[in-house]
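Single-structure report; data block below.
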Amino acid sequence: MSTLAIEARGLTRRFGRFTAVDHLDLDIPRGVIYGFLGPNGSGKSTSIRLLTGLLTPNEGTVSILGLQLPQQAEELRRRIGYMTQKFSLYGDLSVIENLDFVGRIYGMPRSLARARVEDRLERYGLTRHRKQLADTLSGGQKQRLALAAATLHEPELLFLDEPTSAVDPENRRDFWEKLFDLCDAGTTILVSTHYMDEAERCHYLAILESGRKRADGTPQQLMHAMGATVVEVLGPNLRVVRKQLLELEGIRSVAQLGEQLRVLVDDKIAEPIAWLREHPSLDLRQYELNVVRPSLEDVFVTSTSKSDAGPR
Amino acid sequence: MESLIRISAIVFKELRQLSRDRLTFGMVVMLPLIQLLLFGYAINNNVRNIPVGVVDLAQSSTSRLIIDTVRATQVVDLRESYLGLQQAEDAITRGDVRAVLVLPKDLEERWSGKERNRPLGQWLIDASDNVVTSALLALRDLPLAMRTGMPASQAIPNFEVTLYFNPERRTPVNIVPGLLAVILTMTMILFTATAIVREKERGNLELLITTPVRSLELMLGKIVPYIFIGVVQTSIILGLGHLVFAVPINGPMLHILGATLMFIAASLTFGLIISTIAKTQLQAMQMTVFVLLPSILLSGFLFPYEGMPRPAQLIAETLPATHFMRMIRGVVLRDARLDDLSTDAWFLCSFTVVGLIAATLKFHKSLD
């Protein structure tokens with residue numbers, strides 16, 4: 001048995017002249033939560049669809065749980081779970097009817113299905129809503145119902161496509177606790193997201209942009225290997241300062257956060273604060289400058305802005 | 001003024017969206033074009049070439065003269081010859097011919113001998129289609145100019161007529177079984193045509209195709225519930241037709257059910273095929289209309305099949321409704337059995353099997 005849950009080499013998918021996924025290599029070990037972090041249109045959903053066998057790649061090879069795609073796609077379907085980005089259960093069926101349906105689709109014997117459904121209702125806090133139509137559930141409840149359905153057949157590998165995009169922060173925390181429970185029980189989870197706080201929870205991350213993998217590793221590794229220093233600038237007239245900063249060679253990005261600017265300075269500049277203070281085209285005398293810890297957002301910005309020259 | 005700007009904004013948006021939906025746009029042009037051409041030619045109440053048979057018991061030069069005269073009218077197509085009455089009636093029941101001309105043994109006596117006050121022969125007519133019946137009734141007084149010795153004033157028709165199955169020539173008797181075919185076509189095709197498209201539109205399909213469910217399983221599962229709906233509709237239409245409009249139910253229930261189930265299955269399959277092609281529910285509905293119109297107009301429901309030109313008949317032959325129209329009228333009105341109607345039965349069964357395979361192959365379990 002392979003120790004990797006997902007192994008992909010040169011995975012490529014084009015839609016007409018547009019390349020959605022471009023030579024993606026992945027080695028995802030078993031038993032971890034692996035995140036795809038990327039902006040909209042970076043190829044996260046397409047990658048997941050390629051890995052679940054819903055789409056056929058134009059190039060490259062994929063092996064999931066030791067099974068080759070697309071040849072063994074049907075065999076694989078029993079061992080993976082997939083939670084779609086859009087709620088894809090039946091809105092005009094009740095919670096229990098939906099779960100019942102999924103159980104039968106996976107060919108579970110009646111008694112087993114019933115026991116599993118009860119377990120999931122309990123685990124995901126849906127017992128009180130069992131008779132409620134799925135369309136009338138709140139965003140968080142829908143999300144938990146979808147997770148319950150995706151895990152009913154106890155898959156070894158779970159794909160979650162932007163699972164919490166329609167969920168408030170509290171429900172999101174809750175949802176992640178459930179994911180860690182699943183992971184603890186041995187399930188490998190691949191989750192796509194564009195939320196930093198969500199990405200930060202993953203064991204491993206791959207940052208995607210324009211269908212390419214820009215960086216990967218643990219969130220800590222990514223922050224260390226960012227290749228830029230973060231400088232916080234406090235003071236007046238920040239919009240003007242931001243423009244001036246963006247003109248400079250060696251500045252990777254400038255973002256305003258309330259009353260401060262978050263400036264990413266390239267690693268090539270050894271003393272960023274001194275460099276900024278002494279730069280001839282800047283006058284930062286009345287400003288306070290501090291080097292701070294990078295956040296995942298900084299990692300994201302630096303790794304996705306390398307390719308296109310446009311200002312961010 | 002501002003109001004006009006707002007209205008025009010919506011108008012332009014609407015036109016732009018319409019032009020993006022290729023299928024709808026095509027339908028806007030194709031529907032009137034094809035249907036008009038088709039029905040302009042197809043709809044014809046001047047029926048010609050009605051298939052009829054003949055039982056010539058006289059076997060004389062006179063009988064051949066009469067047969068030739070009848071043939072010369074072109075109203076009928078004398079295609080079969082039977083040895084006896086029983087054979088001829090069976091042929092009518094099967095629907096091989098719409099009528100049979102019987103020329104008796106004593107034809108010579110009736111032609112010029114002492115029996116000349118009696119009609120020459122007899123038309124046995126399947127009266128389950130009124131338009132066809134009218135056309136055949138015109139032959140009753142077929143002028144046989146060379147018939148000698150017949151006083152011009154004598155009001156005896158040349159032929160006696162026996163109307164089978166609908167002697168009073170009441171319209172509901174013909175319409176009700178036909179209506180069954182039309183209503184089933186409409187509901188069965190529409191239900192399944194929208195069934196898979198709906199799942200596609202709502203995103204349910206993305207979940208379904210990641211499960212172990214097979215394409216054929218999905219197709220069969222989609223069809224089965226509607227079979228029951230079809231049977232319920234059949235009971236309502238035939239039950240009401242019988243009770244309110246006194247439509248005779250001459251055939252055995254089992255054969256009615258058998259024919260109906262075959263048609264329901266074929267129609268549902270038709271819907272499935274549409275459903276694998278259409279991308280939105282609107283498109284599925286438009287395609288259903290595209291099938292429904294010829295099913296009403298070409299199937300023999302309103303206009304007799306015999307009156308249509310050959311190309312229209314060929315199109316009609318590809319529609320399940322045409323075959324069911326023949327079967328259900330045959331079983332309900334003429335007490336025909338399924339084995340009498342085996343050609344149509346085979347068509348419906350083959351249509352279902354081929355259609356189901358086509359739909360299953362067309363429906364890939366992927367999003368490619």
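The values are calculated or read from the model by the stated rules, or taken from the named source; none is laboratory data. From a predicted model like this one, the values you see are computed outputs, not experimental measurements. No Cβ is skipped: glycine too gets one built from the backbone with ideal geometry, and neighbour counts run over all protein chains shown. The protein model used for the area step is the full one, side chains on, heavy atoms only, and it has no ligands, DNA or RNA in it. Shrake-Rupley method; radii C 1.70, N 1.55, O 1.52, S 1.80 Å.
The mean number of Cβ atoms from other chains found within 10 Å of a Cβ in peptide A:104-114 is 1, as a whole number. Take every pair of alpha-carbon atoms less than 8 Å apart whose residues are at least six positions apart; their mean separation over the length of chain A yields a relative contact order of 20 percent.
Given +1 at the Cβ of Lys and Arg, -1 at the Cβ of Asp and Glu and no other charges, the dipole of region A:200-273 around its Cα centre is 260 debye to the nearest 20. Legend: residues B:Val70, A:Val291, sorted from most to least accessible area (1.4 Å probe; ligands, DNA and RNA excluded), read A:Val291, B:Val70.
Taken along the Cα-to-beta-carbon direction at a fixed 7 Å, the label points for B:Asp106 and A:Glu278 span 13.8 nm. Heavy-atom accessible area with a 1.4 Å probe sorts A:Lys243, B:Lys114, A:Lys44, largest first, into B:Lys114, A:Lys243, A:Lys44.
Each residue, A:Lys268 and B:Ala72, gets one label point 7 Å from its Cα in the Cβ direction; the gap between the two is 10.7 nm.
Under a 5 Å amide H cut-off, with hydrogens placed 1.01 Å from N, A:Lys86 pairs with nothing among residues at least 5 apart or on other chains.
Taken over the Cα atoms of chain B, the convex hull encloses 188 Å³ per residue. Net length available on complete extension from A:Arg30 to A:Phe15 is 2.3 nm, with 0.36 nm assigned per residue and the Cα-Cα distance removed. Taken as Cα centroids, region B:198-245 and region B:316-368 sit 17 Å apart, rounded to the nearest whole angstrom. On a per residue basis, the convex hull of the C-alpha atoms belonging to the protein assembly as shown measures out at 240 Å³. For chain A, the longest principal axis of the Cα atoms and the long axis of helix A:238-247 meet at an angle of about 90 degrees.
The overall shape of region B:287-368, judged from the alpha-carbon gyration tensor, is oblate: a/c is not under 1.5, and a/b is no greater than b/c.
Full extension of the chain between B:Ser235 and B:Lys279 gives 12.5 nm of extra length, using 0.36 nm per residue less the Cα-Cα distance. Ordering A:Arg239, B:Arg20, B:Arg98, A:Arg77 by accessible surface, largest first, gives B:Arg20, A:Arg239, B:Arg98, A:Arg77; the 1.4 Å probe counts only protein heavy atoms, with every chain in place. Calculate I(q)/I(0) for region A:197-312 by the Debye formula, one identical point scatterer on each C-alpha and no solvent, and give its log10 at q = 0.18, 0.20 Å⁻¹ to two decimals. The Cα Debye sum returns log10 ratios of -0.92, -1.09.
With all protein chains kept in place, the per residue accessible area of the protein assembly as shown amounts to 47 square angstrom at a probe of 1.4 angstrom. When the alpha carbon gyration tensor of region B:154-228 is reduced to an equivalent ellipsoid, its three semi-axes come out at 52, 12, 8 angstrom, largest first. The angle between the Cα long axis of helix A:169-184 and the main principal axis of chain A comes to about 60°, on a 0 to 90 degree scale. Simple spin-label estimate for A:Glu97 and B:Ile357 gives 3.7 nm between the two label positions (7 Å along the Cα-to-Cβ direction from each Cα). Accessible surface buried by the B/A pair amounts to about 1800 Å², both sides summed, 1.4 Å probe.
Would you work out which of A:Ser295, A:Leu284, A:His224 lies farthest towards the positive end of the dipole of region A:178-312, given +1 charges on the beta-carbon of Lys and Arg and -1 on that of Asp and Glu, about the Cα centre? Of the options given, the answer is A:Leu284.
What does a probe at B:Glu160 reach in region B:95-115, counting residues whose amide N is under 11 Å from the point 7 Å along Cα→Cβ? Inside the label zone: B:104.
Averaged over the residues of A:44-54, the number of partner chain Cβ atoms lying within 10 Å of the residue Cβ comes to 2. Taking all protein chains together and rolling a 1.4 Å probe, B:Asp335 ends up with roughly 60 Å² accessible.
Computed about its Cα centre, the charge dipole of region A:46-128 is approximately 160 debye, with only Lys, Arg, Asp and Glu carrying charge at their Cβ. Charge dipole (Cα centre; +1 on Lys/Arg Cβ, -1 on Asp/Glu Cβ; no other charges) of the protein assembly as shown amounts to roughly 920 debye. What's the longest bit of chain A with no exposed GluC sites (Glu not before Pro), using DSSP loop states and at most 11 other Cβ atoms within 10 Å as the test? Answer from the scan: A:1-248. Taking 27 Å as the limit for the C-alpha separation, the pairs A:Lys44/A:Lys178; A:Lys131/A:Lys178; B:Lys13/B:Lys279; A:Lys44/A:Lys131; B:Lys13/B:Lys200 exceed it in the case of A:Lys44/A:Lys131. Inter-chain Cβ neighbour count for B:205-216, averaged per residue, equals 6 (cutoff 10 Å, partner chain atoms only). Solvent-accessible surface (1.4 Å probe) assigned to A:Tyr287 amounts to roughly 20 Å².
For region A:179-206, the residues whose amide N sits under 15 Å from a probe point set 7 Å from the Cα of A:Thr218 along the beta carbon direction are A:200-206. Dipole orientation for chain A: of the candidates A:Leu51, A:Tyr34, A:Gln260, A:Leu51 has the Cα lying most toward the positive pole (charges on Cβ; Lys, Arg +1; Asp, Glu -1). The calculated FRET efficiency for the pair A:Thr136 and A:Val292, based on their C-beta separation and a Förster distance of 51 Å, comes to about 0.65.
In whole angstrom, how far apart do the alpha carbon centroids of region B:1-45 and region A:28-74 sit? With region B:1-45 and region A:28-74 each reduced to a Cα centre, they are spaced 42 Å.
Each Cα pair under 8 Å and six or more residues apart adds its separation to the average, and for region A:188-302 the resulting relative contact order is 28 percent. Result for chain A in a Gaussian network model with C-alpha springs under 10 Å: among A:Ser63, A:Ser88, A:Ser165, the largest mean-square fluctuation is at A:Ser88. From the residues A:Val102, B:Gly307, B:Gly26, which one has its Cα farthest along the dipole of the protein assembly as shown in the positive direction, the dipole being from +1 and -1 charges on Cβ of Lys/Arg and Asp/Glu about the Cα centre? Farthest along the dipole direction, towards plus: B:Gly307. Our estimate of slack between B:Leu15 and B:Arg310, defined as 0.36 nm per intervening residue step minus the Cα-Cα distance, is 102.3 nm.
Using a Förster distance of 30 Å, how high is the FRET efficiency between B:Ile5 and B:Val29, based on the Cβ-Cβ distance and rounded to 0.05? Calculated transfer efficiency: 0.50.
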